[in-house]
Amino acid sequence: MARYTGPVCRLCRAEQRKLYLKGDRCNSDKCPINKKKGAPGKDPKARITKRKEYGIQLREKQKLKRIYCMLEKQFRLFFHRATKMHGVTGDNLVVLLESRLDNVVYRMHFAASRNQARQIVLHGHIRVNGKKVNIPSYIVKPGDVVEVRERSKKLAIITDALGEIERSGTMPWINVDVDAVRGTFVSVPLRSEVTDLLDIKDQLIVELYSR
């Protein structure tokens, strides 16, 4: 399965936004975006040219794609799926991305980052409604119960990640039983409820793929 294997902090600098690809490091003083200005590989004193319409749309798509740790082919498939749903395509796209199993595992704080959640799913540590699911792109439906398998509940990366619930809580469409290391995907989120993505302009992504 294809995946990005380069330095992830470079991606945050390219988008000039924290994408939270490295868990706790992103909230620490070690985060490079707090110390380095400008895109990677560029002289910060170099003249910045104004982006054209296509460039603005492309950067918006790249941000959302990188936040969810996806490559272009799979991201495009999700976009086409969103176009076939009722409602606003941009909203549908974000809802689909939020419903991915690797993202749900991250939102339930069973992992410190989406990349880590993807690995946990691939390695067979996750059960959905009592059955093992090792496909990160699996779409979780309302009412589905997502849990860590019994013998994996004491893994350090999982117990450490669960500590974040006390600090930041969970999203309104998710319930988590910390002691059982189990959560319920209560409902499909509204676009407005995904508050950490309110700065993403979905319509620009729709316009880019509609060219």
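Could you go through region 120-125 in sequence order and give the Karplus-derived ³J(HN,Hα) for each residue, using 6.51 cos²θ - 1.76 cosθ + 1.60 with θ = phi - 60°, rounded to whole Hz, and x for Gly and Pro?
Each residue of region 120-125 in turn: 4, 5, 4, 7, x, 7 Hz.
Once you keep just the Cα pairs under 8 angstrom separated by 6 or more residues, what percentage relative contact order results for region 99-190?
32
Could you rank the peptides 68-74, 129-135 by their average count of other C-beta atoms within 10 Å per residue, with the highest value first?
Listed from highest to lowest mean packing, they are 68-74, 129-135.
Return the sequence-ordered ³J(HN,Hα) values of region 97-105 in whole Hz as given by the Karplus equation 6.51 cos²θ - 1.76 cosθ + 1.60 applied to θ = phi - 60°, using x for Gly and Pro.
In residue order, the calculated couplings are 5, 5, 8, 4, 4, 4, 5, 5, 4 Hz.
Which percent of Cα-Cα pairs in region 99-190 sits in each 10 Å bin, short to long?
With a bin width of 10 Å, the distribution comes to 19, 59, 21, 0.
Where a number appears in this text, it was derived from the coordinates with a stated rule and is not lab data. Note that the structure is predicted; figures quoted are calculated from it, not measured. Cβ atoms come from the backbone with ideal geometry, glycine included; neighbour counts cover every protein chain shown.
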